[in-house]
Amino acid sequence: MVASGVIIFATDESIQPVELAKEVEARGLDTLFLPEHTHIPLDTSSPFFPDGQVPPMYLRTYDPFVALGACAAVTERIRLGTGICLVSQRHPITLAKEVATIDRLSNGRFIFGVGAGWNKPEVENHGTPFNLRWRILRERIMAMKTIWTEEEPEFHGDFVDFDKMWSFPKPVQAGGPPIWIGSNSKYAPARIAEYGDGWLPIGGRPGEGTVDLVKEACEKSGKSYADLDLALFLAPQSPKELEEQLSFGYNHVIFGLPSEGRETVLPVLDKIVELKEKVLI
C-alpha cells in the first residue's frame, strides 16, 4: 500500500502546525512534513521561480524541529518529518541531539529528510562553502550516525572532528531515524546507496536522478533496494498524473498544501483525502 502525507510551509501567517497535525491525523493520512530556511539573504535569486523572486513564505518558516516537537505532543500515529532539513547549515553535534530528542518525544515517529540547499548566500552565511555543501552534509550525517549508535562516540573527518564524548538521548529508532535524501540530481542515487534510507525527489522538477538509477546504485553497493522508501515530494494532485508517477515505483506520496490559513488549507486537505481514496487505496 502507498503511504500518503502532506507538506506545508508552516509560518506565522499560515494555519498553525499543531492544528494542522491534528487534522492530518484525523483524516487518516500518514505523514506531515515541514521545510526549513533559517533566513533568506536579500541578494537571493531563485532558479526555481519564473521571476527569480522567492515567495514570502520562504522568509517566514518556523524552525521545523520546534514545530514538529509541538506536533508530536498532540498526535499519536502520524509520522513527522523534515522536508527538508538543511544539514549544510547546522552543527552536527547540536543537530544530532535535536533529531534524537524529537524521535524520542514522538516515540520513534520522526523521518529525517535532508538536503544541502540551493540558496548559495544562505548556505554560505552559515560558513559552508557552496561547492562543498554535499561533502559536508555527508560527513555530518556520518558523524551523527556515530553519535546515535555509540555510547562514547568519536569522529575525525575533514569537516567534523571530535574526541570521545557523551551525547544523550539516543533515538528510539535503531540506528537513528530514517534518512531520506532530497535531491533530483544525478548524484542522488549514489548518496542514497551510501548513507540514505529513502529518496525524496520533488515531483515535476527536472533532474537526472531516476528510480532505476537508485536501484542500480543499490545493487552496486550491496544495499537493499527493497528496504528503501521512495517518496514523491509535491506529488501531482491530478489522478491521472499521480497514477503515472506511481508506476515508477514510489511507495509514499507527499502532497503540497498552500501556506495559508485554516479556511484555505482544510478544503485542500479534504481534496487530498479524496484523491488518496480514489487512487491509493
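Where a number appears in this text, it was derived from the coordinates with a stated rule and is not lab data. For clarity, every value in this text was computed on a predicted model and none was experimentally measured. No Cβ is skipped: glycine too gets one built from the backbone with ideal geometry, and neighbour counts run over all protein chains shown.
Run the quick spin-label model on E152 and F49: label points 7 Å from Cα toward the beta carbon, then report their separation in nm to one decimal.
Those two pseudo-labels are separated by 5.1 nm.
Ranked from highest to lowest mean number of other Cβ atoms within 10 Å per residue, what is the order of the peptides 81-88, 225-232?
On the way: 81-88: 26.1, 225-232: 18.1.
Output ranking for 81-88, 225-232: 81-88, 225-232.
What percent does the relative contact order of the range 184-277 come to when contacts are Cα pairs within less than 8 Å and at least six residues apart?
25 percent
Taking only DSSP H segments of four or more residues, each worth -39500 (n - 2.57), what value at 222 nm results for the chain once the sum is divided by all its residues, to the nearest 500 deg cm²/dmol?
Estimated from H runs of four or more residues: -10500 deg cm²/dmol.
I need the calculated FRET efficiency for the pair K278 and R60, taking r as the beta carbon distance and R₀ as 41 Å, to the nearest 0.05.
Working from the Cβ atoms, E equals 0.75.
Could you sort 192-203, 212-223 so that the peptide with the highest average Cβ count within 10 Å comes first and the rest follow in order?
The most tightly packed comes first, giving 192-203, 212-223.
³J(HN,Hα) across the range 229-234 via Karplus (A = 6.51, B = -1.76, C = 1.60, θ = phi - 60°), whole Hz, x for Gly/Pro?
9, 10, 10, 7, 8, 6
For the range 3-280, what is the convex hull (Cα atoms) projected area averaged across all directions, in square nanometres?
14.3 nm²
In whole angstrom, note down how far apart the Cα centers of the range 90-122 and the range 19-42 are.
14 Å
By the gyration tensor of its Cα atoms, with a ≥ b ≥ c the square roots of the eigenvalues, what is the shape of the range 166-281: rounded for a/c under 1.5, prolate for a/b over b/c, or oblate?
On the way: a/c = 2.16, a/b = 1.38, b/c = 1.57.
In terms of gyration-tensor shape, oblate.
Expressed as a rounded percentage, what relative contact order does the chain have, with Cα pairs under 8 Å and six or more residues apart?
20 percent
Express in nm, to one decimal, how much length is gained between N131 and S247 on full extension, taking 0.36 nm for each residue of separation and deducting their alpha carbon distance.
Computed gain between N131 and S247 is 38.3 nm.
Would you mind checking which residues have amide H under 5 Å from S4's amide H? H placed 1.01 Å from N; only 5 or more apart, or other chain.
The answer is D30, T31, V253.
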